[in-house]
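The values are calculated or read from the model by the stated rules, or taken from the named source; none is laboratory data. In this text, all values refer to a predicted model and were calculated from it rather than measured experimentally. With ideal geometry, Cβ positions are generated from the backbone for all residues, glycine too; neighbour counts draw on all protein chains shown.
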Amino acid sequence: MAHHSGTLKLGAFLSGHGSHNASWRLPEVDEDASRSFAPYARVAQKLEEGLFDAIFLNDSVAVPELDPKSLARSAQGMRWDPLTLLPALAVVTRRIGLISTANTTYNEPYTLARRLASLDHLSEGRAGWNLVTSLGGGENFNRDDHLLHAKRYERAEEFFDVITGLWDSWEDDAFVQDKANGIWSNPDKMHLLNHKGAHFSVQGPLNSARPVQGYPVIAQAGSSNDGRELAARTAELIFTAAQTIEEAEAFDADVTARLARYGRKRADVRILPGVSVYVGDSAPDARARYEALQDLLDPISTLKGISHFVNIGIDLWTLDLDEPIVLPSVIPVTNTHKSRQQLVIDLIRREQPTVRQLLRKMVAGGHRILFGSAQDIADDFEHWFRAGAADGFNIMFPDLHGSVDRFVEQVIPELQRRGLFRTDYEGPTLRDNLGLARPRNRFSAARIDHSPAIRR
């Protein structure tokens, strides 16, 4: 059951020109959005006007599809480095959270600890880290093959332990900064990590003060068995894909059961299913906006992208668009997106779609697609929220222009009118707005817990 603070939490998923593959072709969309700062600055300020909890930037470390025809037709492979873009957005915003995806497969804990701590200080406590394992890219990092799924998650767990240890290496009051006596810091409040594990050997300390929030808010987006276990152990904000309330409730119940194994409670996390939203003056108007984008879509390159994204043993682009999809008797074992593969398999078994119908579903990456007026969207959100199926939603905007404006100007006021969404930010940090506690420093906490006064 979702943890209800009384109001929805809303994240904004931003990628390239928008979540729809054809969004770059819309006349009003800046075709340079994947390499120009101005469109992202405008969108970030608009989302902050709408009191969104956070901007969430996804990432990848490889171009997903190298087929020349796909490269010619799709802009999806081009994207900003989140930890370059988000510090710039921090300067032009004041309250909205800034969540960066950064993988644990091809990064090092010390480097990432510095960059995320710097973002948290620069933004005065608005940073978040979407902890993921990379779906691919080994060929760009001196590897002939990609780490196996289980090994990637094993590395991710150790990575989390190291990076949080580095953030704790200076206690909050370690920096005395006494000019009169020339004392910069209290060395008793600096702690070497001296970590030696299967994947990392890191001494520490970090050459940065502890982040404003203690740690940046930890997000996690994996829904495989390993991903759910990692989320239960580490995450405070969980992004997931759910087509129905029943799927969302089952995911929630599963994660809640896993949390207990780590001494955590459901109130310690916020779960936000992704949803691609098309807002119009009416439901037919919203659907027309969706159809306009679909008409701009190149089906072959998109189907190749889907086949690469979720390997179900079928070269979808070789089939007629109106041919029903028949799953092979043996589904290939994937080393990449296990949870999305299962989602697509379940969808095909449940709905028995044609290739065209699956294409329409998958333009949102397996997330739910919602059409309607502001009232229709608010009705849907309220239904899910009141049912306890979600703490909020990660909104996937089809394009980074009109779809953002319509949501902020039409849907947000309707949610506020119903008492479902804030009318002002709760505080200056992302943790304040999500209602999440600031983590204790492990070293100062251990000293307090073992002091004679406490033992008595």
Give ASP188, ASP81, ASP168, ASP144 a once-over and let me know the one that is surrounded by fewer than 18 Cβ atoms within 10 Å (Cβ to Cβ) and modelled with pLDDT of 95 or more. ASP188
Looking at the structure I just gave you, is ARG289 within 24 Å of PHE371 (Cβ to Cβ), part of a helix (DSSP H, G or I) and of a type in the set (D, E, K, R)? yes
Using the structure shown, decide if ASN433 is in the same structural domain as VAL217 (by TED's automatic domain parsing), more than 30 Å from ALA286 (Cβ to Cβ) and surrounded by 17 or more Cβ atoms within 10 Å (Cβ to Cβ). no
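Among the residues of the range 107-124, is there at least one that is more than 22 Å from LEU193 (Cβ to Cβ) and among the aromatic types (Phe, Trp, Tyr)? Lay out the reasoning, then the answer.
Filtering the range 107-124 down to residues more than 22 Å from LEU193 (Cβ to Cβ) leaves 122-124.
Those left that are additionally among the aromatic types (Phe, Trp, Tyr): none.
Taking every residue of the range 107-124 in turn, none turns out to be more than 22 Å from LEU193 (Cβ to Cβ) and among the aromatic types (Phe, Trp, Tyr).
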Among the residues of the range 131-148, is there at least one that is assigned to a helix (DSSP H, G or I) and touching a helix residue (DSSP H, G or I) at 6+ places or on another chain (Cβ under 9 Å)? no
Is there a residue in the range 349-356 that is modelled with pLDDT of 95 or more and surrounded by fewer than 15 Cβ atoms within 10 Å (Cβ to Cβ)? no
May I ask you to list pairs of residues, at least six apart or on different chains, whose Cβ atoms are under 9 Å apart, with the first in the range 141-160 being in the same structural domain as PHE200 (by TED's automatic domain parsing) and the second being modelled with pLDDT under 75 and assigned to a helix (DSSP H, G or I)? ASP144/GLY138; ASP145/GLY138; ASP145/GLU139; HIS146/GLY138; HIS146/GLU139; LEU147/GLY138; HIS149/LYS338
With the checklist (1) under 30 Å from PHE160 (Cβ atoms); (2) at pLDDT 95 or above in hand, flag the one item SER444 doesn't pass. (2)
Expected output for the range 258-287 (first residue under 21 Å from GLU247 (Cβ atoms), partner charged (D, E, K, R) and part of a loop (DSSP other than H, G, I, E, B), Cβ below 8 Å, 6+ apart or cross-chain) is LEU259/LYS265; VAL269/GLU236; ARG270/GLU236; ARG270/ASP391; ILE271/ASP391; LEU272/ASP391
Do we find that LEU47 is touching an Asp or Glu at 6+ places or on another chain (Cβ under 9 Å), surrounded by 18 or more Cβ atoms within 10 Å (Cβ to Cβ) and closer than 21 Å to GLN410 by Cβ in this structure? no
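Conditions (1) in a helix (DSSP H, G or I); (2) in contact (Cβ under 8 Å) with a residue 24 or more places away in the chain, marked per residue:
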position: ALA390; (1), (2): no, yes
position: ASN394; (1), (2): no, yes
position: ASP399; (1), (2): no, yes
position: VAL404; (1), (2): yes, yes
position: PHE407; (1), (2): yes, yes
position: GLN410; (1), (2): yes, yes
position: PRO413; (1), (2): yes, yes
position: THR423; (1), (2): no, yes
position: GLU426; (1), (2): no, no
Taking the criterion of being surrounded by fewer than 16 Cβ atoms within 10 Å (Cβ to Cβ), part of a helix (DSSP H, G or I) and over 28 Å from the mean Cα position of the chain (by Cα), would at least one residue in the range 253-275 satisfy it? no
Just the residues that are outside any loop (DSSP other than H, G, I, E, B), of a type outside the set (A, V, I, L, M, F, W, C) and touching a residue at least 40 places away in the same chain (Cβ under 8 Å), please, taken from the range 163-215. THR164, GLY165, LYS189
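Being modelled with pLDDT under 95 and not in a loop (DSSP other than H, G, I, E, B) is the filter; apply it to the range 216-227 and report the residue that is surrounded by the most Cβ atoms within 10 Å (Cβ to Cβ). Please lay out each step first, then the result.
First pass over the range 216-227, keeping only residues modelled with pLDDT under 95: 221-227.
Those left that are additionally not in a loop (DSSP other than H, G, I, E, B): 225-227.
Values: ASN225: 15, ASP226: 19, GLY227: 22.
Applying the filter and picking the extreme gives GLY227.
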